[in-house]
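Presented below is the structure to which this report refers.
The values are calculated or read from the model by the stated rules, or taken from the named source; none is laboratory data. Worth saying up front: this structure is predicted, and the values here are computed from it rather than measured. FYI the Cβ positions are ideal-geometry reconstructions off the backbone, even for glycines, and counts take in every protein chain you see. Accessible surface areas use protein heavy atoms only, side chains included; no ligands, DNA or RNA. Shrake-Rupley method; radii C 1.70, N 1.55, O 1.52, S 1.80 Å.
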Amino acid sequence: MPFTPFHLGPGAVFKVVGGDRFSFMVFGGSQVLIDLEPALRLLTGSVILHGFTHTFIGALLIGTLAGVIGKPISERVLCGMDIPCHGFTWTVSFMSAYIGTVSHVILDAIMHWDVKPWYPFALSNPLLGLISDGWLDLLCLACGVLGLIGPVGRWAWANWE
């Protein structure tokens, strides 16, 4: 299913670990961009849903696009919502986008038979079935919970009286 929210779980952990050196919004935007191809293929009734965008080369190309458009869009959205926005660097934008697209390919390669992460260098998918779909979903969900607990714990510690 394109646009799965499970991919955001690892992003939440990356945000907790990276802090201001990671943009969760750019990461999330990269998740949507990389899944535009499967969405279009799904709409056209294709049997193969995951094509070039779900290769590491495709991930780097989509990540570059996400990095370019992610910084100005994210800053405008955050400031427009009156969320304190101090901006972030282009390096943060590109790294967040690349982490988003490469992690997306890895997660989908574990779950989907039609992902060929190393194409055109290899047609096999050595990650397929590395862990079960259920465990993969649980791992992503646990990452999301950890990503929520981290900021709440920091806030509680800072406001402990």
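Checking the structure you have, find out if any residue of the range 100-109 is acidic (Asp, Glu) and modelled with pLDDT of 95 or more.
Looking through the range 100-109, at least one residue is acidic (Asp, Glu) and modelled with pLDDT of 95 or more.
Mind telling me which of the residues His86, His104 ends up being in contact with an Asp or Glu (Cβ under 9 Å, 6 or more places away or on another chain) and under 18 Å from Phe14 (Cα atoms)?
Being in contact with an Asp or Glu (Cβ under 9 Å, 6 or more places away or on another chain) and under 18 Å from Phe14 (Cα atoms) holds for just one of His86, His104, which is His104.
Being farther than 27 Å from Gly134 by Cβ and not polar (S, T, N, Q), is that true of even one residue in the range 4-18?
We begin by selecting, within the range 4-18, every residue farther than 27 Å from Gly134 by Cβ; these are 18.
From what is left, the residues that are not polar (S, T, N, Q) are 18.
Scanning the range 4-18 turns up at least one residue that is farther than 27 Å from Gly134 by Cβ and not polar (S, T, N, Q).
Collect the residues in the range 74-120 that are closer than 19 Å to Gly19 by Cα, open to solvent by 40 Å² or more (accessible area, probe 1.4 Å) and assigned to a helix (DSSP H, G or I), keeping them in residue-number order.
Matches in the range 74-120: Glu75, Val77, Leu78, Cys79, Trp90, Thr91, Phe94, Met95, Tyr98, Ile99.
How many residues are within 15 Å of Phe94 (Cα to Cα), surrounded by fewer than 19 Cβ atoms within 10 Å (Cβ to Cβ) and out of contact with any Gly (no Cβ under 8 Å at 6 or more places or on another chain) if we restrict to the range 20-44?
Result for the range 20-44: 2.
Which ones in the range 57-73 are under 16 Å from the mean Cα position of the chain (by Cα) and surrounded by fewer than 17 Cβ atoms within 10 Å (Cβ to Cβ)?
Passing the criteria: Ile57, Leu60, Leu61, Thr64, Leu65, Val68, Ile69.
Taking the conditions exactly as written (open to solvent by 40 Å² or more (accessible area, probe 1.4 Å) and in a helix (DSSP H, G or I)), does Val47 satisfy them or not?
Numbers: open to solvent by 40 Å² or more (accessible area, probe 1.4 Å): yes; in a helix (DSSP H, G or I): no.
No.
Could you check Leu139 against (1) at positive phi; (2) open to solvent by 40 Å² or more (accessible area, probe 1.4 Å); (3) of a type outside the set (Lys, Arg) and say which number it fails?
Of everything listed in (1) at positive phi; (2) open to solvent by 40 Å² or more (accessible area, probe 1.4 Å); (3) of a type outside the set (Lys, Arg), Leu139 misses just condition (1).
Within the range 3-14, is even one residue assigned to a loop (DSSP other than H, G, I, E, B) and surrounded by 14 or more Cβ atoms within 10 Å (Cβ to Cβ)?
There is at least one residue in the range 3-14 that is assigned to a loop (DSSP other than H, G, I, E, B) and surrounded by 14 or more Cβ atoms within 10 Å (Cβ to Cβ).
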